[in-house]
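Down below is the structure, laid out as structure tokens.
The values are calculated or read from the model by the stated rules, or taken from the named source; none is laboratory data. Every value quoted in this text rests on a predicted model; they were computed, and no experiment measured them. When we count neighbours, we look across all protein chains shown, and the Cβ atoms used for this are built from the backbone with ideal geometry, even at glycine. Protein only, heavy atoms only, side chains kept; ligands, DNA and RNA dropped before computing areas. Shrake-Rupley method; radii C 1.70, N 1.55, O 1.52, S 1.80 Å.
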Amino acid sequence: MPGITKEWKLKMTENELKYSIRIDSFDRQMKSWSNGSSVTSLPFLVGGTEFEIKIYPNGSDKEASGQVSVSVVNKSDWDVKVKMQFEVGKRKTRGTYDIPSLNGWGWPQFYAHAALWKDEGAMDADGMLAVSATISLLWEEVTEARNNSEISLKECKAEVEGLRSEVGDLKKKIEAREANLVSKLSRSIDQSVNRSLTAKFKTLEVSSKKTSLPGPECPVCFEEMKPPTRIIQCREGHLICQECKEKPQVVICPTCKEEFTGRAFGMENYLRTILD
């Protein structure tokens, strides 16, 4: 129960489990809680059957008043047979019982309040009580409804596994297509940059025949980018001087809005050849 208990479980075998509950302020609950009021554990499975544990600080009914009562509840739709043991401090109580569907079995007079206060290790100085229950499932009733339910569960699991396989295949296909698209896009960008550079080289070759050869103009500061100016290019081959590119407000190519790819070493070398 949230705020009252701390719970944990230890699976011993497929059909045996130890469930432990630590109940804070149990001393106050023994005094203030009415008969029949219980601390109930979280549901848990042993084999295919769902159980829960109930601990009654002031007895499960009026006849058990002044006692701590404990029980195990079969929350499933079928009957079971279990061997169970409850343990508090040095006290242990065990037995083998048939528990019908949606019913419980336990010990109404498991621990008297007076003995609980007196026995060493039963309850600590802060009033905390630690209870552990070991439950061994000896037999489960197999009803038609349960059998059909288990068949449906197996079919659902098989269908889920089939869907997982299909999803895995689709994921592989998508990854392959993405890789193919990235490769095509990369080749297209390289070809575009090469065409742009080739066109610029041809333009510069024609202009080099003139007496005064101008260098390419930066589209931001409008200064000629002559050696030793460092030149940066974008994916489309547009050029910008490095000084302008390093300005905080210049994050993409002002001409085509594409990302910058780095130094235009080819252009810088070409300009040095024709302008120096």
Taking 37 °C and 0.692 mPa s as the conditions, I'd like the Stokes-Einstein D for the stretch 16-101 in µm²/s, using the Kirkwood hydrodynamic radius from alpha carbon pairs.
236
Gained length - residue 75 relative to residue 159, 0.36 nm times residue gap less alpha-carbon distance
27.4 nm
Residues of the stretch 22-66 with amide nitrogen under 15 Å from the 7 Å Cα-to-Cβ point of residue 107?
54-57, 59-60
Hey, for a label at residue 138 modelled as a point 7 Å past Cα toward Cβ, could you say which residues of the stretch 73-98 have their backbone N under 12 Å away?
80-85, 95-98
What spacing in nm lies between the two simple spin-label points modelled at residue 252 and residue 222, each 7 Å away from Cα in the Cβ direction?
2.5
Once you sort the root eigenvalues of the Cα gyration tensor of the stretch 1-64 as a ≥ b ≥ c, which label holds: rounded (a/c under 1.5), prolate (a/b larger than b/c) or oblate (the other case)?
prolate
Name all residues of the stretch 241-276 having a backbone nitrogen under 20 Å from the label point set 7 Å from the Cα of residue 181 along its Cα→Cβ direction, giving them as ranges.
258-259
Which number comes out as Rg/Rh for the stretch 213-276 once both Rg and the Kirkwood Rh are worked out on C-alpha atoms?
0.95
Note to self, the chain gives a 222 nm [θ] from helices alone (DSSP H runs n ≥ 4, -39500 (n - 2.57) apiece, / all residues, nearest 500) of -11500 deg cm²/dmol
Using a 1.4 angstrom probe on heavy atoms only, work out the carbon and sulfur share of the accessible area of the chain in %.
51
Taking R0 as 25 Å, what FRET efficiency do you get between residue 45 and residue 6 from their Cβ-Cβ distance, rounded to the nearest 0.05?
0.80
At 1.4 Å probe size, with every protein chain present, just tell me what the per residue accessible area of the chain comes to in Å².
62
Pairwise label distance in nanometres, residue 118 with residue 94, each label 7 Å out on the Cα-Cβ vector:
2.6
Let me check I've understood the local charge: for residue 126, count other residues with C-beta under 9 angstrom from its C-beta, Lys and Arg +1, Asp and Glu -1. What total comes out?
-3
Within the set 31/118; 83/154; 75/118; 11/54; 11/81; 81/157, which residue pairs have Cα atoms separated by over 26 Å?
83/154; 75/118; 81/157
For a protection proxy built on the mean count of beta-carbon atoms within 10 angstrom, sort 267-274, 4-11 highest first, please.
267-274, 4-11
Expected unfolding gain across residue 230-residue 24 under the 0.36 nm per residue rule, minus the alpha-carbon gap, is 66.8 nm
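Shape verdict for the chain, please, from the Cα gyration tensor: rounded (a/c under 1.5), prolate (a/b greater than b/c) or oblate.
Because a/c hits 1.5 or more and a/b exceeds b/c, the chain counts as prolate.
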Over the chain, what relative contact order in percent results from Cα pairs under 8 Å that are six or more residues apart?
13
Find how much the distance from residue 14 to residue 203 grows on full extension, using 0.36 nm per residue of separation minus their present alpha carbon separation; answer in nm with one decimal.
59.9 nm
Under a no-solvent Debye model with one identical scatterer per Cα of the stretch 156-274, what's log10 I(q)/I(0) at q = 0.16, 0.22 Å⁻¹?
-0.80, -1.22
